[in-house]
Amino acid sequence: MSVPRYWRETKYRYRLIGQMCAQCGSVMFPRSGVCSPCGSVDLEEVKLAETGHVVTWTVVRNPPAGYMEYAPYLVALVELDDGVRVLSQLVDIEPIKMKTGMRVEAAFRRVKVDGNSGIIEYGYKFRPLIE
Amino acid sequence: MKIDRGVGIVGYGAYIPMNRLRASEVKRVWGGSGTPIEEKSVVAMDEDTITIAVECARYAVKRAGIDPQEIGAVYVGTESKPYAVKPSGTVVAEAIGATPNVLAADYEFACKAGTEAFQTCIGLVSSGMMKYAMAIGADTAQGRPGDALEYTASCGGAAYIFGKKPARTLAEIEGSCSYVTDTPDFWRREHEMYPRHGNRFTGEPAYFKHVIGAAKELMGELGTEAGDYKYAVFHQPNVKFPIKAARTLGFSMDAIKPGLIVPFVGNTYSGSTPLGLAATLDIADPGDRILAVSYGSGAGSDAFSLTVQDAITNDRRLEPAVSRFVDRKRYIDYSVYSKLRGKIVK
């Protein structure tokens, strides 16, 4: 990801902010210029829930470039408590302990690091709920 | 430094990464005659001082129950900044939603950078320049492989939000005192990965002189003595030092035990005293008095006298206690530790 693009996305990735369509009420994440269901461009920012549950998950053992040092890692489809579904890495849990439906919460983590001199990209990942 | 106007802690939050390296594992690899602690916390591959700072800052905001836009300053005290040039404070401020009208900077004073930021925040809210100010002490400390510091240098942090009455404070600050001299007990030069230290020189002329000096100075100014405090927290580079400092000042083991987490977490450097104070606030009752004294090599100590307020009883249970993070753990061996801390040449 280019530095300008990372910068444009920080608020949304740091704070889990999505978009709500003013016409049909659909909530989208990540943000988009157009409402997927109705095509409206009348969109407002909306803070998403930071807790949810795992719908399904998998283990990535052969990751794309830039993610090798994290492998093997978990990727999960998380349904937030407000109904929005988010695809995210899952951290602080071993694959053998994963269960569909388990409660998770947003964590703030490094997502990608551009070598020793480039930008460090931060953003959300999910982890088992700490209560 | 007495405070003219009532300033207190309106929220606090802690975070400790879940990886643990047993001290016996370091001893297995490098030898040695004993182990100074049980185990220490280690970051995951995708964690650093900024992610730790954001996690504890978020808990502090939730516990305070305030609008982050009302926070006028975000200071991160650390000696392990992810960037040599690019502030950690801006990332934290952005992540908690405090930007753009906010002061943000990183503080450095070895292990007392976080409490140094406490004093700045107390001054900022006391003067009326802002409603709330946040100070964070967080580190991902490193010790040279095989060095005595490798047993203890660990990762974690805690964030504090300060506000002025009539804000609902969890603990009121009665006064603060700093005791600073030029003492070369521990240092890390630019571009060096690991620090160097003066071995036994880090004891009497460094840690004890400053910690005891700051504590005595503050208690003298406030007219208090050890018996006036229910709890005390001292910087925890190992288990021996804070216990010896406590005994020298007349504090019992019962007074320091709630905040003494170093045996199970290690020395979280700038996070050490803030985490110990957070663990103490977790169990303290309204009316209890707490003495907290940090230590930073180079060298200096900041001492604080606090009185716990009624609001703590309800508020403190809203977010995870320090003990929750101490108990949340996953053991790793020395090889995984080496990968996570960048000790393997690729």
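Express the carbon and sulfur contribution to the solvent-accessible surface of chain A as a percent, rounded to the nearest whole number, probe 1.4 angstrom.
51 percent
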Calculated diffusion of the range B:1-134, Stokes-Einstein form, Kirkwood radius summed over Cα pairs, 37 °C and 0.692 mPa s, µm²/s: 200 µm²/s
Approximate spin-label separation B:Lys343-B:Arg28, in nm, with each point projected 7 Å along Cα-to-Cβ: 1.3 nm
Chain pair B, A: total accessible area buried, heavy atoms, 1.4 Å probe, Å²: 2300 Å²
Base-10 log of normalised Debye intensity for the range B:86-208 (one unit scatterer per alpha-carbon) at q = 0.22 Å⁻¹: -1.34
Distance in nm between pseudo-label sites at B:Lys329 and B:Val85 (7 Å out along the Cβ direction from Cα): 4.1 nm
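Pairs of alpha-carbon atoms within less than 8 angstrom and 6+ residues apart define the contacts here; what relative contact order does chain B have, in percent? Write out the running numbers ahead of the final one.
Working: 897 pairs, mean separation 87.1, N = 346.
Once normalised by length, the contact order is 25 percent.
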For B:Lys165, solvent-accessible area (1.4 Å; no DNA, RNA or ligand), Å²: 100 Å²
Under 19 Å from the A:Cys24 label point (7 Å along Cα→beta-carbon), backbone N, the range A:85-100: A:85-86
5 angstrom amide H check on B:Phe234, placed H, neighbours 5+ away: B:Val293
Gaussian network model of chain B, Cα within-10 Å springs - most flexible of B:Ser33, B:Ser41, B:Ser252: B:Ser33
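How fast does the range B:1-45 diffuse by Stokes-Einstein, in µm²/s, taking the Kirkwood radius from C-alpha pairs at 4 °C and 1.567 mPa s?
Details: Rh = 14.2 Å.
Taking Rh from Cα pairs, D becomes 91 µm²/s.
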Rg ratio (alpha-carbon, reference 2.2 N^0.38 Å) - the range A:49-131: 1.11
Förster radius 35 Å - calculated FRET efficiency between A:Lys11 and B:Asp310, Cβ distance, rounded to 0.05: 0.40
All Cα pairs of the range B:172-313, percent lying beyond 18 Å: 53 percent
Residue pairs, from the table B:Lys40/B:Lys164; B:Lys81/B:Lys343; B:Lys2/B:Lys131; B:Lys131/B:Lys216; A:Lys11/B:Lys343; A:Lys97/B:Lys40, whose Cα atoms sit over 25 Å apart: B:Lys40/B:Lys164; B:Lys131/B:Lys216; A:Lys11/B:Lys343
For B:Tyr107, residues with placed amide H under 5 Å, excluding near neighbours: B:Val76, B:Gly77, B:Thr78
Residues in the range A:1-29 that, when all protein chains are in place, have 40 Å² or more less accessible area than the chain alone would give (probe 1.4 Å): A:Tyr14, A:Arg15
Threshold 50 Å² - residues in the range A:77-110 whose accessible area is reduced by that much or more when the chain is no longer isolated, probe 1.4 Å: A:Asp92, A:Phe108, A:Arg109, A:Arg110
Percent of Cα-Cα distances greater than 28 Å, calculated over the protein assembly as shown: 51 percent
Chain A - percent relative contact order, Cα under 8 Å, separation 6 or more: 21 percent
Beta bridges per DSSP with both ends in the protein assembly as shown, % antiparallel, nearest 5: 80 percent
Fully extended contour minus Cα-Cα distance, from A:Glu69 to A:Lys99, at 0.36 nm per residue: 8.3 nm
Among A:Val34, A:Val78, A:Val55, residue whose mean-square fluctuation peaks in a GNM of chain A (springs only between Cα atoms under 10 Å): A:Val34
Two-decimal Rg/Rh across chain B, once Rg and the Kirkwood Rh are taken from alpha-carbon atoms: 0.94
Most to least accessible of B:Arg22, A:Arg61 (protein chains only, probe 1.4 Å): A:Arg61, B:Arg22
For the range B:145-228, alpha-carbon Rg and Dmax in angstrom: 17.7, 51
Ranking by accessible area, most exposed first, for B:Lys86, B:Lys230, B:Lys257, A:Lys125 with a 1.4 Å probe: B:Lys257, B:Lys230, B:Lys86, A:Lys125
Residue of B:Val102, B:Val26, B:Val336 that the Gaussian network model of chain B assigns the largest fluctuation, springs spanning Cα pairs under 10 Å: B:Val336
Cut-off under 5 Å, modelled amide H: who pairs with A:Lys112 long-range: A:Glu121
Ellipsoid equivalent to the range A:85-126 - semi-axes via the Cα gyration tensor, in Å: 25, 12, 7
Rounded accessible area per residue of chain B, 1.4 Å, Å²: 37 Å²
Estimated distance in nm for a label pair at B:Asp228 and A:Cys38, the labels positioned 7 Å out from Cα along Cα-to-Cβ: 6.5 nm
Value of [θ]222 nm, deg cm²/dmol, for chain B, DSSP H segments ≥ 4, -39500 (n - 2.57) each, nearest 500: -9000 deg cm²/dmol
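The values are calculated or read from the model by the stated rules, or taken from the named source; none is laboratory data. Computed from a predicted model, the values in this text were never measured in an experiment. Methodologically, a virtual Cβ is constructed for each residue, glycine included, from the backbone with ideal geometry; neighbour enumeration extends over all protein chains shown. Quick note on the areas: whole protein, heavy atoms, side chains included, nothing else; ligands and nucleic acids left out. Shrake-Rupley method; radii C 1.70, N 1.55, O 1.52, S 1.80 Å.
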